[in-house]
Amino acid sequence: MTVLRAGVGLIACAAAAAVLISCSGSGTGSRAGADSAASTPTIRIAEHRQPRIDALNKAIPKIEKQLGVVIEVIEYPAPEKDYLSKLLTELGAGNAPDLFTANFDSDVPDMVSAGYLAPMTAEVKAWDGYPQLFDVAKKLSTSADGQIYALDSMLLVQQLYFRRDLLDKAGISTAQPASWKDLLDRAREIKAKTGKYGLLLPAGISWGPGAFNEGFILFAPGSKTPQIVNRDGTLNLNGQGVRDIFRLYKSLIDEELMPVNPLLGPEPWVIPKYVMFPAGDLMATTCGTWCYIYDWGKDSKNPVPDVTKNVGTWAVPGMDGGLSVSISGSNIWAVNAKSAHVDLTKKVLLALCSVEATVAYAGLVGNIPARRDAADNKDFQALTELVPVLRDVDKGTFERSTPGFSVVSEGVARATEALLRKQTDAAGAQAILVKYVKDLLGDNAVK
């Protein structure tokens, strides 16, 4: 166990996170009543990645004073897949921390189905910050049964990021691509004129949930299958749009327009995102606002000089036209249903959704506060990379979620892995996805 503000996290026990399979092993859980006799209650919070931990620690002193609590931060493994694996293991064992985040909105329905999350609808709607939440944050935070079990305190705003400076130098247009063909043609032109890779879409098993949440799903709104989840909660995976998205991946891979070898190794995002893109060996990639700060900003390990000038953004074009910007949740705070201090933990959660706390995360991680009134905060106004994005949040699109949706995420990772290894075509990748989901959720889950 590691109690922060110092230390190293435990290695996660291997678990199939998407289907909530627990495995044995010790955990860093809430101490089931161990501090109930203490004069000051202790709330334990799971967090991962150093910038997120630093942001959390900035918010803690005020919350401790405001609520009369002691907060302990438990460091979890940094990779998203390992974080979720460890969290699900400890939730299943009944010894998880009081408060934690779900990595993605797609993880929440499974946790709700397993009974791991304490409902907090009444508390959230009575909270003075609720009217300030963007409508998309309210919708993302509300489950199919109308209840709130996890609150999206931040938003991921994702689109395509490109090296404007290098494309200008090569005489390649930086105008918004109008369609998937236009996007592919731009990548082809980049390769022909510069010899560099034209576009990266996250893919493969090693990338974990990001293969779905940071790649595949961004193209769904502009496909013939704009929503993967049907109104009745079933999954629309046999649609033409799903196959067309896999066909887009296959074109990029077969024509060597995107790097493949790094995606087949551990931590596949490191070389393309943190090395190749800053060096100009990769000219465009899917990413989110965090890239302007965490990936390529002045305090990153490998910054792009004058990043907001030299790195531009394109909305994701539709297959045959139209544009979309993907909105999903971040810092999705949830309360352990087995916490010894459920009511107090809910108060800590809402305090972590304050303007000050969300701006601290924005400054260190680069995601967008889910609150309109963050725009008035002087510290947020100093984040000039993020201010324009906050104004445009209401224009974004988002995907519905449902129990088992995280299985789709894992299925997409497996399907794109087969494409990376040139073991199948688009139809085969779709078949891999459908079979994987049906094997785990049953035939009736897919229509």
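Could you tell me whether Val311 is of a type in the set (A, V, I, L, M) and outside the structural domain of Ala150 (by TED's automatic domain parsing)? Break it down into steps so the answer makes sense when it comes.
Values: of a type in the set (A, V, I, L, M): yes; outside the structural domain of Ala150 (by TED's automatic domain parsing): yes.
For Val311, the condition - of a type in the set (A, V, I, L, M) and outside the structural domain of Ala150 (by TED's automatic domain parsing) - is met.
Given the criteria in the same structural domain as Tyr292 (by TED's automatic domain parsing), over 20 Å from Leu237 (Cβ atoms), at pLDDT 95 or above and surrounded by fewer than 22 Cβ atoms within 10 Å (Cβ to Cβ), does Ile172 qualify?
Values: in the same structural domain as Tyr292 (by TED's automatic domain parsing): yes; over 20 Å from Leu237 (Cβ atoms): yes; at pLDDT 95 or above: yes; surrounded by fewer than 22 Cβ atoms within 10 Å (Cβ to Cβ): yes.
In short, yes.
Suppose the filter is more than 24 Å from Lys181 (Cα to Cα), of a type outside the set (Phe, Trp, Tyr) and assigned to a loop (DSSP other than H, G, I, E, B); does Asn331 pass it?
On the way: more than 24 Å from Lys181 (Cα to Cα): yes; of a type outside the set (Phe, Trp, Tyr): yes; assigned to a loop (DSSP other than H, G, I, E, B): no.
No; evaluated as a whole, the condition is false for this residue.
If Lys435 passes every condition in (1) more than 25 Å from Gly115 (Cβ to Cβ); (2) open to solvent by 70 Å² or more (accessible area, probe 1.4 Å); (3) of a type outside the set (Asp, Glu); (4) modelled with pLDDT under 95 but one, which one does it miss?
(4)
Just one of Lys196, Lys191 is farther than 23 Å from Met319 by Cβ, in contact with a strand residue (DSSP E or B) (Cβ under 9 Å, 6 or more places away or on another chain) and not small (Gly, Ala, Ser); which is it?
Details: Lys191 fails: farther than 23 Å from Met319 by Cβ.
None of the others qualify; the one that does is Lys196.
If Thr225 satisfies every condition in (1) open to solvent by 40 Å² or more (accessible area, probe 1.4 Å); (2) assigned to a loop (DSSP other than H, G, I, E, B); (3) touching a residue at least 12 places away in the same chain (Cβ under 8 Å); (4) more than 26 Å from Asp281 (Cβ to Cβ) but one, which is the exception?
(1)
Just checking, how many residues over segment 384-423 are open to solvent by 10 Å² or more (accessible area, probe 1.4 Å), closer than 17 Å to Ala211 by Cα and not in a helix (DSSP H, G or I)?
Count: 5.
Looking only at segment 74-93, which residues are closer than 18 Å to Leu56 by Cβ and surrounded by fewer than 22 Cβ atoms within 10 Å (Cβ to Cβ)?
Pro77, Ala78, Glu80
So which residues in segment 67-86 are among the small types (Gly, Ala, Ser) and in a loop (DSSP other than H, G, I, E, B)? So that I can check it myself, show each step before the final result.
We begin by selecting, within segment 67-86, every residue among the small types (Gly, Ala, Ser); these are 68, 78, 85.
Listed by number, the residues that qualify are Gly68, Ala78.
Six or more apart or on different chains, Cβ atoms under 6 Å: show the pairs whose first residue is in segment 193-208 and more than 10 Å from Met258 (Cα to Cα) and outside the structural domain of Gly171 (by TED's automatic domain parsing) and whose second is polar (S, T, N, Q) and modelled with pLDDT under 95.
none
What number goes with the only condition from (1) within 21 Å of the chain's Cα centre (by Cα); (2) more than 30 Å from Val260 (Cα to Cα) that Gly404 does not pass?
Checking Gly404 against (1) within 21 Å of the chain's Cα centre (by Cα); (2) more than 30 Å from Val260 (Cα to Cα), the one that fails is (2).
The values are calculated or read from the model by the stated rules, or taken from the named source; none is laboratory data. As the structure is a prediction and not an experimental result, all values here were calculated from the model. Cβ coordinates were reconstructed from backbone atoms using ideal geometry, including for glycine residues, and neighbour counts include every protein chain displayed. To get the accessible areas, we keep the full protein, side chains included, count just its heavy atoms, and leave off ligands, DNA and RNA. Shrake-Rupley method; radii C 1.70, N 1.55, O 1.52, S 1.80 Å.
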